[in-house]
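The structure under discussion appears below in the form of structure tokens.
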Amino acid sequence: MKKMKFLTAGLIAAMMVPAVAQAQNREIRHDRKELREEQRDLRNAQRYGDRGDVRDARRDVRDARQDLRESQRDWRRDTRYQNYRAPFKYQQFRVGSTLRSNYYTSAYRPAWDSRWGVPRAGRNLTYVRHYNDLLLVNERNGRVVKVYRNHFNWRR
């Protein structure tokens, strides 16, 4: 009975982690939408309103920007993406170098996400994290196509 409760609690916790990440992304999208709406209201106030309307609209834009910055800061502090270390020594890879297959196993392939600021990997290509570097690797032959140095360093 005790073992069953432990397993149930573990399953619930495992299911909640993606929900928290989705909630953070949802919050950032919502804050971006609010900022756009406030900027539109400011433009309308500048066109058709008086000084008081413009002042209020500017204050609203400033508050919306601050909310967005705080949401992004919270997302960056998410501990699931910090302190990543591979079980092998750091090595600087260059474009054209070949990786052994254990360097680009599924454990080192982060899921693509638009918040990284990199384009989606194409056909037979995959992103591989090597310490703070992000490598774009051809899955067929293990060749490095592109290197993003210190790509994850900004998270600290």
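The values are calculated or read from the model by the stated rules, or taken from the named source; none is laboratory data. Everything quoted here is computed from the prediction, not taken from an experiment. Neighbour counts are summed over all protein chains in view; Cβ atoms, including those assigned to glycine, are modelled from backbone coordinates with ideal geometry.
Report whether or not Ala19 is modelled with pLDDT of 60 or more, small (Gly, Ala, Ser) and within 19 Å of the chain's Cα centre (by Cα).
Spelling it out, it is not the case that Ala19 is modelled with pLDDT of 60 or more, small (Gly, Ala, Ser) and within 19 Å of the chain's Cα centre (by Cα).
May I ask you to list the residues in the stretch 71-109 that are assigned to a loop (DSSP other than H, G, I, E, B) and modelled with pLDDT of 75 or more?
Selection gives Tyr90, Gln91, Gln92, Phe93, Arg94, Val95, Gly96, Ser97, Leu99, Arg100, Thr105, Arg109.
Going through the stretch 110-124 one residue at a time, which ones are within 16 Å of His151 (Cβ to Cβ) and either assigned to a strand (DSSP E or B) or at pLDDT 80 or above (or both)?
Those that are within 16 Å of His151 (Cβ to Cβ) and either assigned to a strand (DSSP E or B) or at pLDDT 80 or above (or both): Val118, Pro119, Arg120, Ala121.
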